[in-house]
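Participant: Can you read through this structure? Questions will come right after.
The values are calculated or read from the model by the stated rules, or taken from the named source; none is laboratory data. Note that the coordinates shown come from a computational prediction; the quantities given were computed from them, not determined experimentally. Here Cβ is always computed from backbone atoms with ideal geometry, including for glycine, and neighbour counts include all displayed protein chains. Ligands, DNA and RNA are stripped out before the accessible areas are found, and what is left, the full protein with its side chains, is counted by its heavy atoms. Shrake-Rupley method; radii C 1.70, N 1.55, O 1.52, S 1.80 Å.
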Amino acid sequence: MPLDTQFLQSLADIVGEEHVRGQNAVAMLDPGVDPSNFAAGLAVRPSSAAEVAAILSLCDATGVPVISHGGRTGLAGGAVSAPGELVLMTDRLDELTIDPVGRVAIVGAGISLQSLQEACAAEGLSPGIDLGARGSATVGGMVSTNAGGMEAFRYGMMRQRLLGMEAVLADGTVLCDLALVPKNNEGYDLRQLFCGAEGTLGVVTRVTMKLERADPPSVTMLAACPNARTAIRAMRNIEDRGGMLRAEIMWRDYARVVAEHTGLSRVLEFCDAAVYLIIETALDLDGLGEALSPSLDAGDVIDAVIAQSGREAADIWGIREDTFAASWSLPHQLWFDISLPLACLDTYMASLRARLDTLAPSLVLFGLGHLADGNLHLTICRKCSFERELRDGISQAVEHGVKDLGGSMSAEHGIGTAKLAILERNASAEKLAVMRRLKAALDPNGILNPGKVVPAAR
C-alpha cells in the first residue's frame, strides 16, 4: 500500500526532499538485473550513517520494510522490492580514503569497485578483488553478498578483504568498528555477521579494506584443452612457477556462442576444443613458454595463443566476461553458481549433462568459471520458457551430488530469493535454526530485506 504523507515528510526531514524519490522519479532509474528491484516505487538516498540510522529507526517504528541497494548487479534477487517497502540507495555513501603506507582504505558502501580500483592504482595498489561487473557493483553490495571474483584464489573473497566495518542495525543503532589493522581480536568478530547477509541483519555504510600491491605487467594466454582435468594440470604448471594472476575456464558451447554474438569468433579460430583456459600471468614470454611446454608435450594443452597486444587480451577476456551475450539465441535461462573440488569438475559436468538429457534433451548447458577455486557459473537454456516442473527438475539436477562432493550450491552470488529453496534443501536444520535466531535478535520486527536469505520456518 502507498506510504502516508507523514512518513514521506519524515524521510524528507532526514535527507532533504531532493533525495526522496517517488514513483515517477524511480521509474526513470535503471533497475539493474531484475526489473522488480524498484517495484517499491519509493527510494531514499542517505549520505551518512547518521541518516541511515534515522531512516531505519523511522521504518522500525512504523513497520516499513527496507531494501538496501548497491549497484543492482546481483543475480539472486537480493535487491527485489515491492509496493509498501522503501528502497535505501547507498550511492551517496561515497567516502574514499586510501593510506598507501598502511595499504588500507576506508570505503563508503556506495563506491563502485572500479572507482576503488582506479584510486588504488594511482598509489600502485589494488583492492585485491575483481569482478566483471566492476563498473556498477558497489563495495557495500559486494560485502553484503560476500563477492568473490577472479582473484579469490589469491586474496580471498570479500570477507577476507575486510579489516573493519560500520553498519546500522534495524533499530538505528550504529555499530562502528573501522579498524585499520589486521590483528583485531576483541571478542566476537561482528563484522562477519553482515558480510554475506544481504542487508537482512543491518545496512553496511562503510568498511576498511586491506590493499595489495598492484599487479605487474601481465601476459594473457588462451589455451585449448581436452577437458577440465587437463586444464587444471596446465594451470598448476604455470602456478607452480609463480606469478599466476587469474585462471578462468570456459566450456565449448558457452565460448562459441558468446564469441559469435560479440563478433569475436576469430579469437577461437586457432583450435576447436572441449574446454578453453584463460591464464593471466606475471611470467614473461620465455617463462610462460617454459611453463607451458610440459602441458603441450603431455597433450594437456592442444594449442595455445598468447595475446600480443592489449586489444588482443581484451578480446580474450571479452568472451569470458560478456556472460549475458549467451541469451541472444536462447533467451530462457536458469543460472546457478556452485563450487566444487577441482578433481570433480569433469565427472560432475558429464553427470549433469546426462541428468539434463533425461529431463529434456533440448536443454543447452553453458559452463564457465574461476578455475583456481572451483567456482562454476552454470546456465541452463532453451528457446521456450520453463514449466514449473521442469524448472524444479533442473534445479535438483544441478544440486545432485554437490554437497556430497564437498562443494557448495552458492559460491559467490548470495541467496536472495532465488536460492531460498536450494538453501533449505542443502543446509542442516541446525544451521537454519541459528540463522533464524540471529535474524530475530538483530531485526525483531523483520523490516530488513524481508523474505531474503533466511528460509521461513515451517
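Participant: From the list 245, 268, which one is open to solvent by less than 60 Å² (accessible area, probe 1.4 Å), among the aliphatic types (A, V, I, L, M), under 23 Å from the mean Cα position of the chain (by Cα) and at pLDDT 95 or above?
Facilitator: Sole residue among the options that is open to solvent by less than 60 Å² (accessible area, probe 1.4 Å), among the aliphatic types (A, V, I, L, M), under 23 Å from the mean Cα position of the chain (by Cα) and at pLDDT 95 or above: 245.
Participant: Checking residue 153 against (1) in a loop (DSSP other than H, G, I, E, B); (2) of a type in the set (Phe, Trp, Tyr); (3) crowded, with 17+ Cβ neighbours inside 10 Å: exactly one of these is not met. Which one?
Facilitator: (1)
Participant: Here is a check on your reading of the model: is residue 136 outside any helix (DSSP H, G or I), among the polar types (S, T, N, Q) and either open to solvent by less than 20 Å² (accessible area, probe 1.4 Å) or within 29 Å of residue 239 (Cα to Cα) (or both)?
Facilitator: When the stated conditions are applied, residue 136 does not pass them.
Participant: Does residue 379 fit the bill of being assigned to a strand (DSSP E or B), within 19 Å of residue 33 (Cβ to Cβ), of a type in the set (Val, Ile, Thr) and open to solvent by 20 Å² or more (accessible area, probe 1.4 Å)?
Facilitator: yes
Participant: Also, quick follow-up: Consider the stretch 126-153. How many of its residues are within 9 Å of the chain's Cα centre (by Cα) and within 23 Å of residue 102 (Cα to Cα)?
Facilitator: The number of residues fulfilling the criteria is 1.
Participant: Scan the stretch 418-430 and give yes if some residue there is of a type outside the set (A, V, I, L, M, F, W, C), within 21 Å of the chain's Cα centre (by Cα) and within 30 Å of residue 59 (Cα to Cα), otherwise no.
Facilitator: Yes, the conditions are met somewhere in the stretch 418-430.
Participant: All but one of (1) more than 27 Å from residue 66 (Cβ to Cβ); (2) open to solvent by less than 70 Å² (accessible area, probe 1.4 Å); (3) acidic (Asp, Glu) hold for residue 430; which doesn't?
Facilitator: (2)
Participant: For the stretch 322-334, enumerate the residues that are touching a residue at least 24 places away in the same chain (Cβ under 8 Å) and open to solvent by 10 Å² or more (accessible area, probe 1.4 Å).
Facilitator: Those that are touching a residue at least 24 places away in the same chain (Cβ under 8 Å) and open to solvent by 10 Å² or more (accessible area, probe 1.4 Å): 322, 323, 327, 328, 329, 330, 331, 332, 333, 334.
Participant: I would also like to ask the following. Across the stretch 30-57, what is the number of residues that are in contact with a helix residue (DSSP H, G or I) (Cβ under 6 Å, 6 or more places away or on another chain) and surrounded by fewer than 19 Cβ atoms within 10 Å (Cβ to Cβ)?
Facilitator: Summing the residues that are in contact with a helix residue (DSSP H, G or I) (Cβ under 6 Å, 6 or more places away or on another chain) and surrounded by fewer than 19 Cβ atoms within 10 Å (Cβ to Cβ) in the stretch 30-57 gives 1.
Participant: Of the residues in the stretch 196-234, how many are farther than 17 Å from residue 107 by Cα, of a type in the set (D, E, K, R) and either surrounded by fewer than 24 Cβ atoms within 10 Å (Cβ to Cβ) or over 23 Å from the mean Cα position of the chain (by Cα) (or both)?
Facilitator: 4
Participant: Within the stretch 335-375, count every residue that is free of Cβ contacts under 8 Å to residues at least 40 places away in the same chain, outside any helix (DSSP H, G or I) and not polar (S, T, N, Q).
Facilitator: 4
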